[in-house]
């Protein structure tokens with residue numbers, strides 16, 4: 001149901017701060033995104049505890065996975081996507097995203113809030129976690145959760161060397177609860193055997209076809225190959 005707003009000039013009109021206990025929080029960062037070959041269409045966003053060993057797997061949709069992967073790989077689509085448009089709108093009106101807060105986990109679903117300010121007013125809006133993270137990545141806003149959610153849904157994983165992690169993808173099993181999932185490593189040897197020139201041609205074609213998710217994978221391989229050539 002739409003929310004009527006008598007003051008059409010107030011972009012914050014009718015919006016009120018949301019809930020969520022901010023008294024004790026844990027900061028998170030985006031570690032990676034992957035997909036499972038076991039369950040078609042299942043994607044996992046891996047959020048890592050900053051300064052700690054815990055990882056949280058969040059099952060997300062294909063469109064959101066694509067948006068996050070594009071930002072991770074530094075790929076700029078020819079036309080702005082939904083999260084880019086949302087971010088641009090905020091900048092145009094002088095609205096800043098100050099933080100994302102994952103405040104609840106219930107029935108396998110993570111609930112998040114976006115907190116915005118225009119310098120005078122601060123409001124908090126409910127959001128899907130995938131959308132919240134995609135926007136936070138575009139604005140540089142911090143991401144937080146509660147210690148309870150971290151304990152309930154997280155799993156411990158030794159910190160991986162960045163080069164080692166770049167050579168693999170963390171794929172989740174078909175369990176979407178986010179609490180007992182065990183990571184496994186899957187590789188893409190066929191793409192790895194391409195030359196850099198072939199990969200760049202493939203990347204350009206994928207971007208032209210708006211296959212951004214696969215383009216992000218190819219861009220990652222190009223980065224690893226070129227990095228190896230420089231060392």
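Residues are listed down the side, and each one gets a yes or a no for (1) on the phi > 0 side of the Ramachandran plot; (2) buried (at least 20 other Cβ atoms within 10 Å of the Cβ); (3) in a helix (DSSP H, G or I); (4) at pLDDT 50 or above:
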site: 125; (1), (2), (3), (4): no, no, no, yes
site: 163; (1), (2), (3), (4): no, no, yes, no
site: 178; (1), (2), (3), (4): yes, yes, no, no
site: 182; (1), (2), (3), (4): no, no, no, no
site: 190; (1), (2), (3), (4): no, no, yes, yes
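Inspect the stretch 104-122 for any residue being surrounded by 13 or more Cβ atoms within 10 Å (Cβ to Cβ), closer than 29 Å to residue 223 by Cα and modelled with pLDDT of 95 or more and give the result as yes or no. Checked against the condition, which is being surrounded by 13 or more Cβ atoms within 10 Å (Cβ to Cβ), closer than 29 Å to residue 223 by Cα and modelled with pLDDT of 95 or more, the stretch 104-122 yields no hits at all. Yes or no: the stretch 103-116 includes at least one residue that is without any contact (Cβ under 8 Å) to a residue 60 or more places away in the chain and assigned to a loop (DSSP other than H, G, I, E, B). Taking every residue of the stretch 103-116 in turn, at least one turns out to be without any contact (Cβ under 8 Å) to a residue 60 or more places away in the chain and assigned to a loop (DSSP other than H, G, I, E, B).
Residue by residue, here is whether (1) under 20 Å from residue 47 (Cβ atoms); (2) touching a residue at least 12 places away in the same chain (Cβ under 8 Å) holds:
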{"site": "70", "(1), (2)": "yes, yes"}
{"site": "77", "(1), (2)": "no, yes"}
{"site": "91", "(1), (2)": "no, no"}
{"site": "141", "(1), (2)": "yes, yes"}
{"site": "149", "(1), (2)": "yes, yes"}
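So, residue 97, is that one in the same structural domain as residue 150 (by TED's automatic domain parsing), surrounded by 14 or more Cβ atoms within 10 Å (Cβ to Cβ), free of Cβ contacts under 8 Å to residues at least 60 places away in the same chain and assigned to a strand (DSSP E or B) or not? Spelling it out, residue 97 is indeed in the same structural domain as residue 150 (by TED's automatic domain parsing), surrounded by 14 or more Cβ atoms within 10 Å (Cβ to Cβ), free of Cβ contacts under 8 Å to residues at least 60 places away in the same chain and assigned to a strand (DSSP E or B).
Just checking, which of 69, 48 is assigned to a strand (DSSP E or B), closer than 26 Å to residue 218 by Cβ, in contact with a strand residue (DSSP E or B) (Cβ under 7 Å, 6 or more places away or on another chain) and at pLDDT 85 or above? So that I can check it myself, show each step before the final result.
Working: 69 fails: assigned to a strand (DSSP E or B).
Testing whether each residue is assigned to a strand (DSSP E or B), closer than 26 Å to residue 218 by Cβ, in contact with a strand residue (DSSP E or B) (Cβ under 7 Å, 6 or more places away or on another chain) and at pLDDT 85 or above leaves just 48.
The values are calculated or read from the model by the stated rules, or taken from the named source; none is laboratory data. Model, not experiment: these values are computed from the prediction. Neighbour counts run over all protein chains shown; Cβ positions are idealised from the backbone, glycine included.
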